[in-house]
1. Pop out the ³J(HN,Hα) list for the stretch 101-108 in order, Karplus 6.51 cos²θ - 1.76 cosθ + 1.60 with θ = phi - 60°, rounded to Hz; leave Gly and Pro as x.
2. Give the calculated FRET efficiency between ASN41 and SER101 to the nearest 0.05, with a Förster radius of 30 Å applied to their Cβ-Cβ distance.
3. Give me the lysines in straight-line cross-link reach of LYS58: C-alpha distance below 24 Å, same-chain residues under 8 apart excluded.
4. Residue separation times 0.36 nm, minus the C-alpha to C-alpha distance between ARG174 and HIS247: what's the value?
5. Run the Debye formula on the Cα coordinates of the stretch 22-128, all scatterers equal and no solvent, and tell me log10 I(q)/I(0) at q = 0.13, 0.17, 0.22 1/Å.
6. Please say if the stretch 234-334 is rounded, prolate or oblate, where rounded means a/c under 1.5 for a ≥ b ≥ c the square roots of the C-alpha gyration tensor eigenvalues, and otherwise the choice is prolate for a/b larger than b/c and oblate otherwise?
7. Let me know the shape class of the stretch 204-286, please: from the alpha-carbon gyration tensor, a ≥ b ≥ c as square roots of the eigenvalues, rounded when a/c is under 1.5, otherwise prolate if a/b is greater than b/c, or oblate.
8. Please tell me the relative contact order of the chain in percent, rounded to the nearest whole number, where contacts are Cα pairs under 8 Å and at least six residues apart.
Amino acid sequence: MTPDTLFQAASKAGASDVHIAVGSPPLFRIDAELIPQGKKNVTLAEAQAFVRKVIGEKMYKEFIQLKEMDTAYALNNGVRLRVNCHYERGYPGLVARLIPSGIPSLDSIGVTEELRALCTLHEGLILFTGPTGAGKSTSLAAMVQSINMERSANIVTLEDPIEFIFPKGKSLIRQRQFGQDFLSFGEALRHVLRQDPDIIMLGEMRDLETIAAALTLAETGHLIFATLHTPNAAQTVDRIIDVFPPHQQQQIRTQLSLSLKAIIAQRLLPREGGGLVAQREVLINTVAVANTIRDNRAQELTSALQSGVQDGMCTFERDAKRLLKEGLISKDTCKWAEKGV
């Protein structure tokens, strides 16, 4: 069992993820289900050898010390994977996410006209949120690629690790990888202004320093795309505010109310006929929404979503009904999907 052999098989099977864990067969996630690959369980020696081949001898020594490591892996045919190596019960394990070889179009991922309009903006903060595996990175890449093909801009990405490789277009795109091209998201954001950026794409807003820097950059004439692991728009606002100490929170509410352009919460549903389809909740930062954020009334954002259809907003419930009407999901899927997260 070599990484290339297993990852090639996963790619051919249409898997989204590969799991290696001691005491279990290799597992492929296909259409949200974990499928065992054979009956033979992975041994400790096999797991150690597999992880070592994926990350290399030098990084493996670091992995033994750090116990956690994120990296990327590429096959000869161009298939790329985002890899997390970790320990569980003292045993090494690995999860690899297969990254599509091409960046999907906005049409292919079901992006609405309201979201397309966000690609024409020149400043502000646009957030994609949702659980791991919800397709946030794919949607984000599709929007950045749309900009790349439509207008001339200097785009800087800060990723951990680099996932999609953007092809040459009208824009200049500099893709920087954490641990290789920069050592801290906060530091990279502080220095990025000297790189003359128009657009900055953040793999994830993961801590106070990164969130503060992103808000400041969005206020100073830059368009910022970023992701957060939050299930919906209201919790995204709360998460951003709660990261900061109490004495700063009112200032951050004001900054967010001024700089935020949209929050797109996303999750994946089983598609009729096989595969997955994105269900989205979209919050557009209208004057009313900005006032709600600034006045610490995040609990009212759900009402704003429900009444903001004319402004391009959409609830999980409304989007589930759209997907059902278009024949993309079943009635049973629609019933529980209407509830959102």
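FYI, it's all coordinate maths here, none of it is from the lab. Everything numeric in this text was worked out from a predicted model, so none of it was measured. Neighbour counts are summed over all protein chains in view; Cβ atoms, including those assigned to glycine, are modelled from backbone coordinates with ideal geometry.
1. Result, rounded to whole Hz: 5, x, 7, x, 7, 4, 4, 5.
2. Using R0 = 30 Å, I get an efficiency of 0.45.
3. Result set, ordered by chain and number: LYS67.
4. 22.6 nm
5. -0.68, -0.92, -1.23
6. Since a/c reaches 1.5 and a/b is larger than b/c, the shape of the stretch 234-334 is classed as prolate.
7. Prolate shape, in that a/c is at least 1.5 and a/b is the bigger ratio.
8. So the answer I get is 13 percent.
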